[in-house]
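Since the structure comes first, as structure tokens, the remarks are kept for the end.
The values are calculated or read from the model by the stated rules, or taken from the named source; none is laboratory data. Remember, predicted model here, so these are calculated numbers, not experimental data. Don't worry about glycine lacking a Cβ; one is built from the backbone with ideal geometry, like all the others, and counts go over all protein chains shown. Note: areas computed on protein heavy atoms with side chains; ligands, DNA, RNA excluded. Shrake-Rupley method; radii C 1.70, N 1.55, O 1.52, S 1.80 Å.
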Amino acid sequence: MKKIIKSISIAIVLLIAVSYSLNELSQSRMFQFFGGLVNSVETNEKVVALTFDDGPGVNTHEILDILRKHDVKGTFYLTGYEIEKYFEDAIQIVQEGHEIGNHSYSHQRMVFKSPSFIKDEIDKTDELIRQIGYEGEITFRPPYGKRLVLLPYYLSKEDRNTIYMNIEPDSYPEIAADANEIVNHVVENIRPGSIILLHVMYESRRESLNSVEGIITSLKEQGFTFVTITELLEYENQE
């Protein structure tokens, strides 16, 4: 009996260790099994990309007003479901000249999903992005940043990079709760080629939305220029 209990205990420990390792691997900023992973760009030019995940949502017009006021173009990673829900708002994002990226249709974690599920999530959202009038390259960012094997493999076959980020203040609760802390975090961690991630579409993320103007003005004072993701990738190719 003791041997059985010991074997079960070892199996549980191994299972926990494997689960932890897979979770860490699924959100690694530096490694994935297939295709390109972009969390920032190596460049000497003081350019950065401001990106927004999720939406369109109830705060679409407010974020667009801020970006228009400061003459900044961002990259919006929209979900297909929310494009359908806020279709006219999605059209306005395009008409304002911002870049649109694919953030899946349903915003489910795309790990341990079938190839057909992954394909449908991406293809359906690509189609909706075209329906709102966007004609540029559609980059992809996985929901929650999660991916393991099948998603990167599918993207690599489609010659699409996985777009990540190197500055994500919303991921730290003590920072995300205060707009000033968000601004400070971005300013302290910024470098040429950075990709900044914010969530601004919902009232639950009001502090993130409130930080945008401070981030823009602070970084402009330091001589940074804001570009879209596809523009940022071009700087890396120039090195």
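Rounded, prolate or oblate for region 190-232? Axes are the square roots of the Cα gyration tensor eigenvalues, ordered a ≥ b ≥ c, and the cut-off for rounded is a/c under 1.5. Oblate, since a/c reaches 1.5 and b/c is not below a/b.
By a 1.4 Å probe calculation restricted to protein chains, Asp159 has an accessible surface near 140 Å², given to the nearest 10. A Förster radius of 22 Å combined with the Cβ-Cβ distance from Glu203 to Phe112 puts the calculated FRET efficiency at roughly 0.10.
In this structure, the residue pairs whose Cα-Cα separation is over 32 Å, taken from Lys113/Lys220; Lys46/Lys119; Lys73/Lys119; Lys73/Lys157; Lys69/Lys113; Lys85/Lys157, are Lys113/Lys220; Lys46/Lys119; Lys69/Lys113.
Rounded if a/c is under 1.5, else prolate if a/b is larger than b/c, else oblate: which is region 157-239, with a ≥ b ≥ c the root eigenvalues of its Cα gyration tensor? Oblate, because a/c is 1.5 or more while a/b does not exceed b/c. Computed with every protein chain present, the accessible area of Glu231 is close to 80 Å² [probe 1.4 Å]. Of Phe117, Phe52, the order by accessible heavy-atom surface (1.4 Å probe, DNA, RNA and ligands excluded), from most exposed downward, is Phe117, Phe52. Rolling a 1.4 Å probe over the protein heavy atoms gives region 122-216 an accessible area of 42 Å² per residue.
The order of Val94, Val72 by accessible area, most exposed first and with a 1.4 Å probe, is Val94, Val72. Taking 0.36 nm per residue of separation and subtracting the current Cα-Cα distance, fully stretching the chain between Lys157 and Ser218 would add 18.0 nm. Rolling a 1.4 Å probe over the protein heavy atoms of region 109-239, with every protein chain left in place, gives an accessible area that is 44 percent carbon and sulfur.
A 1.4 Å probe, protein heavy atoms only, puts the accessible area of Leu64 near 0 Å².
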